[in-house]
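Step one of this worksheet: look at the structure below.
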Amino acid sequence: MATTLPAGTGTRVTAPAVSTSASSTARFVLRRIGRTVLTIAISAIILGILWNLAIVVLQANAFIAKTPADVFRWFFVDSELSRTTAAENRVHIAGLLGVTLWHAAIGFVFGVGGSLVVAIVFTLIRPVEFMFMPIAMLLRTVPLLAMAPVIYLVLGNGIVTAGFIGGVVVFFPLLVNLTLGFRSVSAQSVDLIRVYGGSRWTIMRKVAFPTALPYFFASMRIAVPGAITGAMLYEWLFTYEGLGAAITAAKSQSQYGEIWAIVVLITLVSIVLYTITTFVETAVLAKWGPNAGKATAS
């Protein structure tokens, strides 16, 4: 149901209601989850077939190029030719994954928190945006591989460096999209709040945040796997921990099965986290987004 409110003399403004029943939202979210899971399953099958086909067509060296079956055996089947059992392999790679996810989480928090604060400041104080947004855009064009050694030299080795490198991947896409989202509020909504004495912060809370949610989650789908990439880059360049460092160690020891297992594992984890993000996005936008109450009708 729509609510009609006065917006000035002789003018009527209709604000769409954003409430929706919990059951409708739940059905919409479950349908979205089902479609996403089915899409991922079909994509995994197709990718597995293309993977095998590429190895056969390219006549890749079997010692280096591993098939999906080889990766499965590395995880779950003991071999007399291997120095470790499948159970030991799983324990080993699970520990490495935990370290990488910890580094990625730190970078993710750094990037999301920093971009949110800066985007709010840019929106509330326009001169600050005019001064610093061009600098942010310039830094965004610099490859992370080129920035990482400089970050390491300034901050040294440790959690802060891991968070900074991972945060750089997350920060810039979120900053740009959040700022754009905050700027996308309708003039009608802004005028309505101002008529009732609302401040810029009221506009931010009541209108700008819901309007920016689609922009926010669009960036989050990129930021989640990006944080993992930043974490692995940090480990690969500067530490002896995590999956990034394990790739270098495995290559030096010609443990190509482990390298392929790491690639498959981190790909699966990234897909899972990406999918979780889409589920959260669906639920949040259906409940609080600018079109709340409309999407569930389909």
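Per residue and in cubic angstrom, what volume does the convex hull of the Cα atoms of the range 122-253 have? All intermediate terms of the calculation are to be shown ahead of the outcome.
On the way: hull volume 15.9 nm³, N = 132.
Hull volume normalised by residue count: 121 Å³.
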Find which of Val224, Gln253, His103 sits farthest along the positive direction of the dipole of the chain, computed with +1 on the beta-carbon of Lys and Arg, -1 on that of Asp and Glu, about the Cα centre.
-> Val224
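In debye, nearest 20, what is the charge dipole magnitude of the range 95-290 about its Cα centre with +1 on Lys and Arg Cβ and -1 on Asp and Glu Cβ, if you could check? All intermediate terms of the calculation are to be shown ahead of the outcome.
Numbers: 10 positive and 6 negative charges, 141 e Å.
The calculated dipole for the range 95-290 is roughly 680 debye.
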Taking the chain and counting helices only, DSSP H stretches of n ≥ 4 at -39,500 (n - 2.57) each over all residues, the nearest-500 ellipticity at 222 nm comes to -26000 deg cm²/dmol
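Ranking His103, His92 by Cβ neighbours within 10 Å, fewest first, what do you get?
Details: His103 29, His92 14.
Final ranking by Cβ density, sparse to dense: His92, His103.
Can you put Thr229, Thr123, Thr267 in order of Cβ neighbours within 10 angstrom, beginning with the fewest? Can you show the working numbers first?
Values: Thr229 18, Thr123 21, Thr267 14.
Lowest count first: Thr267, Thr229, Thr123.
Between rounded, prolate and oblate, where does the range 19-60 land on the alpha carbon gyration tensor, with a ≥ b ≥ c its root eigenvalues, rounded for a/c under 1.5, else prolate if a/b exceeds b/c? Please list the in-between numbers first.
Working: a/c = 10.11, a/b = 6.82, b/c = 1.48.
Cα axes put the range 19-60 in the prolate bin.
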Treating cross-link reach as a plain straight distance, find the lysines whose alpha-carbon is under 23 Å from the alpha-carbon of Lys287, omitting any fewer than eight places away in the same chain.
-> Lys206
If you average 1/r over all unlike Cα pairs in the chain and invert the result, what Kirkwood radius do you get in angstrom?
-> 22.3
For the range 265-272, in order, what is each residue's ³J(HN,Hα) by Karplus, 6.51 cos²θ - 1.76 cosθ + 1.60 with θ = phi - 60°, in whole Hz (x at glycine and Pro)?
-> 4, 5, 5, 4, 5, 4, 5, 4
With an 8 Å cut-off on Cα pairs and a minimum separation of 6 or more residues, tell me the relative contact order of the chain in percent.
-> 26
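Summing Lys, Arg as +1 and Asp, Glu as -1, what charge do residues with Cβ under 13 Å from the Cβ of Ile193 carry, Ile193 excluded?
Values: positive: Arg194, Arg200, Arg205, Lys206; negative: Asp191.
Net local charge, Ile193 excluded: +3.
Quick one: Leu237, Leu178, Leu153, Leu192, fewest Cβ neighbours within 10 Å first, how do they rank? Present the calculation step by step, with values, prior to reporting the outcome.
Details: Leu237 16, Leu178 25, Leu153 9, Leu192 21.
Ranking Leu237, Leu178, Leu153, Leu192 by Cβ neighbours within 10 Å, fewest first, gives Leu153, Leu237, Leu192, Leu178.
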Any aspartates and glutamates with Cα under 20 Å of the Lys66 Cα? List them, leaving off those in the same chain fewer than 8 positions away.
-> Asp78, Glu80, Glu88, Glu258
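Every read-out reported here was derived from the displayed coordinates using simple, explicitly stated rules and does not represent laboratory data. If you're wondering where the values come from, they're calculated on a predicted model, not measured in any experiment. Ideal geometry is used to build each Cβ from the backbone, glycine not excepted, and the neighbour counts take in all protein chains shown.
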